[in-house]
Amino acid sequence: RLSLLLLAAAALLAAAVAGAAAGGPPGKLSPDFYSQTCPRAERIIAEVVQSKQMANPTTAAGMLRVFFHDCFVTGCDASVLIAPTRFAKSEKDAEINHSLPGDAFDAVVRSKLALELECPGVVSCADVLALASRVLVTMTGGPRYPVPLGRKDSLSSSPTAPDVELPHSNFTVGRILELFLAKGFTVQEMVALSGAHTLGFSHCQEFASRIYNYRDKTGKPAPFDPTMNPGYAKGLQAACKEYLKDPTIAAFNDVMTPGKFDNMYYVNIERGLGLLSTDEDMWSDLRTRPLVERYAANNTAFFDDFSRAMEKLSMYGVKTGADGEIRRRCDAYNDGPNTV
Ligand code: HEM
């Protein structure tokens, strides 16, 4: 019996050693996944993205949006980072992804370059996105939440999936909830994650129908969407006047504290200062309004729920083991150009 026990112990030890060599037990995420294979990974990413954020303060919002667009489409697998080639399109070709900002992609490229110098072929691009997002949320004043590691990078990137899987600015809250619930997220998680709109911009075309030629559901015209604060609506009308000639004109998502990660987004919604109709609709919809009220009144409650929801989002549909690869560069598959 003793020899059986010894055999079992040896087998366990061998499995543990194999797991550690691969950077952790295969198929499982863990916060210390790179503790043996690339212990400075998080520090390296933090240094790169922090200096990028100092030079370009729009990086944090961009990264957070890129991360959401990655995770909601085939899971958090860096499929959004694949560049289209002469042979095949990628998620970047989807209409909804055209406005994803270059600064965020640039910060990922720089992080990956620095990582490849220190520990080549070890840290996945999907993990870079997850860690960079957390660093930037924390840097702009938001909570530090756990980020389990060990995601693999995708072997495909669909040009059509993002427009189907992601919420659009002309959706009702009901339709957005359908998308989130279908992916296993709750109403509360949807409202908490939307708090990411405390940062960044939206281009005028995303809310133009609220401020120009507005018509309500019955077709009745009004100078602007009546759920908006009138002064705010008029300010936006003036700011976006030339948006058809210059589609790059944009407005802050959070007009009060645009660069700070805080609960002001929800306070704004209560006051008719939500920018997108999808933001303001969370006040009209009685499933979401109590949560908006709760987060507007209590920043700690928002941070707690946002943290849990981000951790869950970061694990959505992740690929581990043989399901994916560790890309050498984040915009291309290892076995040559994008041909999928
Ligand atoms: C709930 C449904 C959502 C809708 C309908 C929505 C829609 C949008 C739209 C239309 C924009 C403006 C894009 C542009 O004009 O460049 C935007 C920006 C943004 N979204 Fe969302 N979004 C949603 C949820 C989320 C979630 C869950 C996150 C992250 C966890 C997120 C993070 C962001 C950020 C940070 C920006 C600013 C990007 C920048 O400044 O570059 N959004 N969103």
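Does any residue in segment 110-129 that is on the phi > 0 side of the Ramachandran plot and at pLDDT 95 or above come within less than 8 Å, Cβ to Cβ, of a residue that is outside any helix (DSSP H, G or I) and surrounded by 17 or more Cβ atoms within 10 Å (Cβ to Cβ) six or more places away or on a different chain, and which pairs are these?
What qualifies is G121/I326.
Select from segment 308-324 the residues that are at pLDDT 95 or above and small (G, A, S) and write down the one among them that is farthest from G75 (Cα to Cα).
Result: A309.
Got a sec? Which of V187, V191, V164 is β-branched (V, I, T) and near the ligand (Cβ under 9 Å from one of its atoms)?
The unique qualifying residue is V191.
Restricting to segment 295-334, count the residues that are in contact (Cβ under 8 Å) with a residue 12 or more places away in the chain, closer than 30 Å to K260 by Cα and assigned to a helix (DSSP H, G or I).
16
D216 - would you say it is over 22 Å from P57 (Cβ atoms), within 16 Å of the ligand (Cβ to nearest atom) and among the acidic types (D, E)?
no
Considering each residue of segment 204-221, count those that are surrounded by fewer than 17 Cβ atoms within 10 Å (Cβ to Cβ) and outside any helix (DSSP H, G or I), and give that number.
9
Identify the residue in segment 113-136 that is of a type in the set (A, V, I, L, M) and outside any helix (DSSP H, G or I) and, among all such residues, is nearest to T59 (Cα to Cα).
V123
Would you point out which residue out of D77, D106 is away from the ligand (no atom under 14 Å from the Cβ) and either of a type in the set (D, E) or touching a helix residue (DSSP H, G or I) at 6+ places or on another chain (Cβ under 9 Å) (or both)?
Unique residue meeting the criteria: D77.
The values are calculated or read from the model by the stated rules, or taken from the named source; none is laboratory data. These figures come from a predicted structure and were not determined experimentally. Backbone-built Cβ (ideal geometry, glycine too); neighbour counts: all protein chains shown.
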